[in-house]
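Single-structure report; data block below.
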Amino acid sequence: SQQGEEDPQALSIQEGENATMNCSYKTSINNLQWYRQNSGRGLVHLILIRSNEREKHSGRLRVTLDTSKKSSSLLITASRAADTASYFCATLRYNTDKLIFGTGTRLQVFP
Amino acid sequence: EPEVTQTPSHQVTQMGQEVILRCVPISNHLYFYWYRQILGQKVEFLVSFYNNEISEKSEIFDDQFSVERPDGSNFTLKIRSTKLEDSAMYFCASSESPTPGETQYFGPGTRLLVL
């Protein structure tokens, strides 16, 4: 089954605005992680939220997790042009090593 | 800040040739992974490795693929006889342990093009 679908697929905003990206998944998870990928580059880990957590903050990032709806959101506040990248959620199920990545949201922040 | 490194950054090869992709995980990490991302598609898990053996592998990781930790620092992915569909970005990752919730840190990737 497919795991990790982000929406929107693409998001364009102005600098200073907030960006919200959503991720849905299908099976129960141990944790959910968000990664950023600049065009053609590597994956940078942003934040991890465990299944028993509901919200987590890191700097301008806020992540929520709703295990009853099997969904997560990533909020970037006061966005900057440097936030322009693709953002992926990745889930880790129990008893497995492998992260299952979503399709990603391409965020464009205009100065 | 310690980071995962990968070489080469780009590799072009002919179909049927063997390629070896190299990774240097973060030094105190014990668990290593390979993922790949075909252009425009999702990042896909290939294999995880601990204590000198594969701990988990995906359906993609068939007999053409192998992994090795030849020394105390390198972790390699070998593709024995490359196919056109092996063209992708290959990411190495490492974590301190696979216990639930441990972050996997990714390298910058090797872009493999098979002609």
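The values are calculated or read from the model by the stated rules, or taken from the named source; none is laboratory data. The shown structure was predicted, so the numbers you read here are calculated from the model rather than taken from an experiment. All Cβ positions, glycine included, derive from the backbone under ideal geometry; neighbour counts span all protein chains shown. These accessible areas exclude ligands, DNA and RNA; they are computed on the full protein's heavy atoms, side chains included. Shrake-Rupley method; radii C 1.70, N 1.55, O 1.52, S 1.80 Å.
The alpha carbons of chain B occupy a box of 38, 29, 28 Å along the principal axes, longest dimension given first. Gain on full extension, evaluated as 0.36 nm per residue between A:His57 and A:Ala10 minus their Cα-Cα distance, stands at 14.6 nm.
With the charge dipole of the protein assembly as shown set up from +1 on Lys and Arg Cβ and -1 on Asp and Glu Cβ about the Cα centre, the Cα lying farthest toward the positive end among the listed residues B:Ser95, A:Val109, B:Val114 is that of A:Val109.
Relative contact order of chain A, taken over Cα pairs closer than 8 Å and 6 or more residues apart, is 38 percent. A straight Cα-to-Cα reach below 24 Å connects A:Lys56 with the lysines A:Lys26, A:Lys69, A:Lys70, A:Lys98, residues fewer than 8 places away in its own chain not being considered. Here B:Lys83 and A:His45 are evaluated by their C-beta separation; at R0 = 25 Å the FRET efficiency comes out at 0.20. Per-residue surface analysis assigns B:Glu56 an accessible area of about 40 Å², computed on protein heavy atoms at 1.4 Å probe radius. Considering only B:Leu77, B:Leu21, B:Leu39, the Gaussian network model of chain B with Cα springs below 10 Å gives its largest mean-square fluctuation to B:Leu39.
Computed over the alpha-carbon atoms, chain A gives an Rg to Rh ratio of 0.96, Rh here being the Kirkwood radius from the mean inverse distance. Over every Cα atom in the protein assembly as shown, the radius of gyration and the widest Cα-Cα span, Dmax, amount to 17.4, 50 Å. Of the whole protein surface, A:Leu11 contributes about 40 Å² of accessible area at a 1.4 Å probe radius.
Shown is the FRET efficiency for B:Glu1 and A:Asn38, computed with R0 = 25 Å from the Cβ-Cβ distance and rounded to the nearest 0.05: 0.90.
Between the alpha-carbon centers of the range A:72-98 and the range B:39-115, tell me the distance in whole angstrom. So the two Cα centres are separated by 21 Å.
Rounded to the nearest 20, the size of the Cβ-charge dipole of the range B:7-115 about its Cα centre is 340 debye, with Lys and Arg at +1 and Asp and Glu at -1.
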